[in-house]
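First the structure, in the form of structure tokens, and then the observations on it.
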Amino acid sequence: MDNKKKAINIVDTVNDIISLGKERGVLLQYTDDEFYDGRIITIDGKKLINFGSCSYLGLDTDERIKNSAIEAIKKYGVQFSSSRTYLACTLYKEWEDLVSKIFGASVVLSTSVSLGHHAVIPVVMEEGDAIILDQQAHASMQEAAQRMQLKGCTVTIVRHSKLDELEKKIQELSIKHNRVWYVIDGVYSMYGDYAPVKEIVQLLDKYKSLYLYADDAHGMSIAGENGKGVVLSQIDLHEKMILATSLNKAFAAGGGVFVFPDEKLALKVKSCGGSMIFSGPHQIPSIAAGIASAKIHLSSEITIRQEALRERLNYCHDLLVNKYNLPVISNPEAPITFIGLGLTRVGYNMTQRMKDEGFFTNLAIFPAVPEACTGLRFTITLHHTFEDIENLAEKLAFHFPKALADEGRTLKDVHRAFRKVAVFKEVEDIAIAEVDKLLGEFALQHETTVKNIDEKLWNELMGTRCTNDWQKMLFFEKTFSSNDLPEHNWSFHYYIIRDAFGKPVLATFFTGTLTKDDMFSPAAISKQLEMVRKKDKYYLTSKLFTMGSLFTMGEHIWIDRTRMDWKKIVMLLLDRVWADQEKEEASVLSLRDFNPEDKELKEFFMDQGFIALDLPDGHVVENLVWKNSDEFVQLLDRKKRYQVRKEALERENRYEVNIVKDASPEDAEHYYQLYKNVSARNYEIMGFELHKAFFENILNHPQWEIIEIKLKPEFDNGLERKATSIAICYKTEDNYDFLIIGMDYTFLEEHGVYSQTLWQSIKRANQLGLKSINMGLTASLNKRKFGARIIKNAMYVQTKDSYNASLIAAMANKKMEAAI
């Protein structure tokens with residue numbers, strides 16, 4: 001598979017999401033104002049109360065800070081353009097001393113927190129160290145940490161604030177590593193939850209090798225003596241701890257600060273940190289503003305401002321939760337409030353409604369939150385009056401049910417998405433009966449075995465669209481049940497929706513199964529994860545509820561798109577699927593395989609909170625009307641004719657080819673080992689190995705075939721002549737499904753065993769008089785030589801857990817490497 005293509009895919013997805021938000025007027029907006037007062041902004045000529053600012057203490061418009069910046073420009077100009085390694089401006093030393101006084105420790109100032117991470121982390125973390133990232137740690141820290149792998153650091157991810165998982169990882173990593181760093185945020189930016197720093201300090205004291213690296217950007221100024229932040233309001237600066245925080249948000253100046261437990265380490269970072277040496281210095285007005293803000297922080301005024309903010313936060317939370325019973329997901333102590341909405345389209349609706357009412361709020365969508373966990377996010381600052389907060393809460397309560405109703409949704413969406421968030425007050429559980437009430441004129445048939453569906457009907461609806469006919473589904477039900485291991489036991493769900501006249505308008509099937517989280521990640525990452533799984537078999541695995549199954553290809557859903565109300569019908573399906581996903585306790589939901597060029601369907605699924613991912617290319621050979629190999633070759637272009645003749649046809653006389661009718665136990669075991677040879681090398685699509693029962697059941701099924709390919713005696717020098725390769729295929733009335741291959745790699749180069757297996761499968765489909773052969777995924781170059789047409793497929797994925805959302809995003813930015 002093309003790893004570059006996979007890396008681009010999620011970037012395109014995020015771009016689609018942002019572009020759609022821009023089109024709908026809720027993202028990438030500009031203000032029209034000629035001046036700011038901190039409270040009111042103007043967008044497209046409309047005045048809005050700004051509930052999107054991170055200037056929590058209202059210092060961004062403070063006259064003292066503004067005048068300090070203005071006077072500094074008059075005296076020193078707008079910049080002092082020199083590397084700080086050589087020379088810093090006059091004001092810099094004063095600012096540094098004041099900030100150091102705030103924290104009572106040695107500090108290093110940076111032009112931004114993100115740039116600072118890239119300077120500090122490579123200096124303080126060394127070869128032989130291990131880095132544990134909280135899954136929700138800020139992206140800038142994750143990026144800087146992942147670069148440390150090149151310096152010999154081990155990087156891993158743990159679930160958000162899961163201390164039991166963290167301690168287990170500390171114990172495991174401490175054996176082979178000098179130091180183990182835990183990287184966290186002090187206040188997380190979406191739900192405003194605080195890191196459990198008191199408990200982390202206990203671990204710091206318990207484990208000599210453990211060190212803490214914390215970014216308290218959203219906590220700065222709003223808590224603690226001198227406004228030194230949320231983290232240091234709860235604990236003292238530990239001797240094995242480095243704190244980063246922002247001077248851009250509540251501090252209202254610019255840049256970032258890094259706080260160190262000893263002066264020598266601070267000097268080392270200042271002297272050796274890349275962006276400290278090579279990037280430009282702070283701008284003069286930012287330094288002067290920082291000096292003025294620091295003086296405010298070192299006065300009693302900061303405590304007054306902190307208390308004023310707390311009063312507003314308490315008032316807001318009391319209104320939202322106790323008066324209006326809104327689904328508040330966020331931490332009531334943080335200046336960040338998150339109202340759970342569920343589906344993305346409800347988020348667009350609600351954000352626009354609040355804008356129409358005169359309030360600017362933020363839409364929280366993937367990748368900032370999991371796909372199904374869209375919410376309305378807003379911040380409280382000292383610019384807001386209590387009347388502003390009261391009006392906002394009143395309008396939120398008024399429009400929340402209307403936004404849900406507009407989109408045909410209910411509070412159950414919110415419950416389904418956020419039930420695992422600790423601060424969310426749960427509503428009643430999802431009941432299948434409630435979902436069924438939404439059907440109206442339609443009837444939904446749901447079965448957990450295909451035996452309850454008429455065979456002819458199923459084949460008419462689904463069997464002709466792919467090779468997933470009634471008999472094949474029955475085979476899968478038998479094969480993937482009552483097995484010893486969880487990955488070999490699937491659940492099956494069949495859905496048929498009918499209109500008022502009993503006519504089917506939709507049909508599909510889903511399976512529930514255990515999968516590896518790196519299924520479609522770059523091969524290099526999967527190789528490393530498989531090394532970990534030698535000791536921990538189920539490391540980074542999740543329960544998946546997927547349309548189709550792991551071993552089926554083609555169209556897995558039929559929708560009557562001629563109907564004007566087809567989207568309503570699909571929504572009825574999704575409501576039932578979401579309910580069954582809850583019962584399955586599956587954290588990931590996927591819909592596949594769709595035409596990625598179907599923009600109408602893509603936008604529809606994105607509105608329901610799904611993200612689009614490209615699947616590996618499928619391949620199908622459709623022209624099977626030829627009498628011999630010469631006629632087949634003439635169907636190919638000149639270059640492919642040469643390749644097929646050289647790699648397959650000229651070597652065909654070296655092989656004996658048999659359709660296995662009856663296999664001895666020894667032969668069956670050999671076939672299984674050939675399959676395992678391929679499975680062990682296949683890192684392009686990561687999955688669990690099939691169990692032997694699969695192969696045993698195939699031998700006794702009339703529609704499954706095993707094509708056995710064996711070298712003739714004169715070409716096989718082995719002591720015992722056995723099959724060189726096998727192809728496991730499924731035949732229907734019209735199609736042939738080349739599903740599994742097994743090979744002896746000893747004969748790959750000299751005898752072209754892979755190309756021969758492809759050719760014999762195509763030849764067999766021709767002998768059976770079938771219309772097409774599905775050649776499966778991956779190995780595109782080899783399959784296209786034989787005239788296979790490429791089929792582009794998209795998958796739409798939705799997760800309920802930010803951990804799984806992180807892993808999906810990892811397919812693009814290589815963050816999966818940090819999970820190793």
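Per residue, segment 306-425 exposes 34 Å² of accessible surface when a 1.4 Å probe is rolled over the protein heavy atoms with every protein chain present. Taking θ as phi - 60° and the Karplus parameters 6.51, -1.76 and 1.60, the scalar couplings of segment 506-514 work out to 7, 8, 6, 9, 10, 10, x, 7, 8 Hz in sequence order, x denoting glycine and proline.
Once the Cα atoms are used to define both axes, helix 344-356 deviates from the longest principal axis of the chain by about 30 degrees. Rounded to the nearest 500, the 222 nm mean residue ellipticity of the chain from helices alone is -12000 deg cm²/dmol, with -39,500 (n - 2.57) taken per DSSP H run of at least 4 residues. The H on the amide N of residue 180, modeled in the peptide plane, is under 5 Å from the matching H of 130, 210, 211, each at least 5 residues off or on a different chain. Ordering 271-278, 31-38 by mean Cβ neighbour count within 10 Å, with the highest value first, yields 271-278, 31-38. Tally up the carbon and sulfur contribution to the accessible surface of the chain as a whole percent, 1.4 Å probe, everything protein left in place. Carbon with sulfur: 50 percent of the solvent-accessible area. If both residues of a DSSP beta bridge must be in the chain, then about 75% of such bridges are antiparallel. Highest mean packing first, where packing is the average number of other Cβ atoms within 10 Å per residue, the peptides 287-298, 351-362 line up as 287-298, 351-362.
Across segment 639-649, coupling constants 3J(HN,Hα) worked out from phi with the 6.51/-1.76/1.60 Karplus curve, θ = phi - 60°, read 5, 5, 4, 4, 5, 5, 4, 5, 8, 10, 5 Hz, and Gly and Pro carry x.
Just checking my list (i) 103, 75, 52; (ii) 90, 65, 51; (iii) 80, 70, 54 against Cα extents along the principal axes in Å computed from this structure; which label fits? The calculated read-out lines up with (ii).
Here, segment 79-174 yields an orientationally averaged convex hull projection of 8.2 nm² when only Cα atoms define the hull. Per residue, the solvent-accessible area of segment 702-779 (1.4 Å probe, heavy atoms of protein chains only, all protein chains present) comes to 39 Å².
Each part reduced to its alpha carbon centroid, segment 665-744 and segment 131-204 end up 44 Å apart. With kT/(6 pi eta Rh) evaluated at 25 °C and eta = 0.890 mPa s, and Rh the Kirkwood radius from Cα pairs, segment 131-218 diffuses with a coefficient of 187 µm²/s according to Stokes-Einstein.
Given H placed 1.01 Å from N in the peptide plane, which residues other than close sequence neighbours of residue 711 have an amide H under 5 Å from its amide H? Here the answer is 656, 724, since their amide H atoms fall under 5 Å of that of residue 711. Protection proxy ranking for 98-108, 180-190, 78-88, using the average of other Cβ atoms within 10 Å per residue and placing the highest first: 180-190, 98-108, 78-88. Considering only Cα atoms, the convex hull volume of segment 263-396 works out to 183 Å³ per residue. Annotation for segment 473-489 versus segment 328-398: alpha-carbon center distance of 45 Å.
The long axis of helix 284-297 is offset from the longest Cα principal axis of the chain by roughly 70 degrees. Karplus-based coupling profile of segment 764-776, in residue order and whole Hz: 5, 4, 5, 4, 7, x, 8, 7, 7, 10, 7, 8, x, with θ = phi - 60° in 6.51 cos²θ - 1.76 cosθ + 1.60 and x standing for Gly or Pro.
Of 599/771; 412/472; 661/692; 692/731; 627/731; 639/783, which sit over 25 Å apart, Cα to Cα?
599/771; 412/472
Ordered by solvent-accessible area of protein heavy atoms (1.4 Å probe), largest first, the residues 720, 705 come out as 720, 705. Accessible surface area normalised per residue over segment 107-207 is 38 Å², counting heavy atoms of protein chains with a 1.4 Å rolling probe.
Segment 515-561 has equivalent-ellipsoid semi-axes of 30, 12, 8 Å, by the square roots of 5 times the alpha carbon gyration tensor eigenvalues, sorted largest first.
Distance distribution note for segment 598-736: the fraction of Cα pairs above 23 angstrom is 57%. Put simply, the amide H of residue 778, placed in the peptide plane, has neighbours under 5 Å in 617, leaving out anything fewer than 5 places away on its chain. Using a cut-off of 26 Å between Cα atoms, the listed pairs 534/583; 208/537; 640/763; 206/516; 162/240; 456/676 include 534/583; 208/537; 206/516; 456/676 as exceeding that distance.
As an equivalent ellipsoid, segment 241-330 spans semi-axes of 35, 17, 14 angstrom, where each value is the square root of five times an eigenvalue of the C-alpha gyration tensor, largest first.
The values are calculated or read from the model by the stated rules, or taken from the named source; none is laboratory data. Since the structure is predicted, the reported quantities are computational estimates derived from the model, not experimental observations. Virtual Cβ from ideal backbone geometry, glycine too; neighbours counted across all protein chains shown. For accessibility, only protein heavy atoms count, side chains too; no ligands or nucleic acids. Shrake-Rupley method; radii C 1.70, N 1.55, O 1.52, S 1.80 Å.
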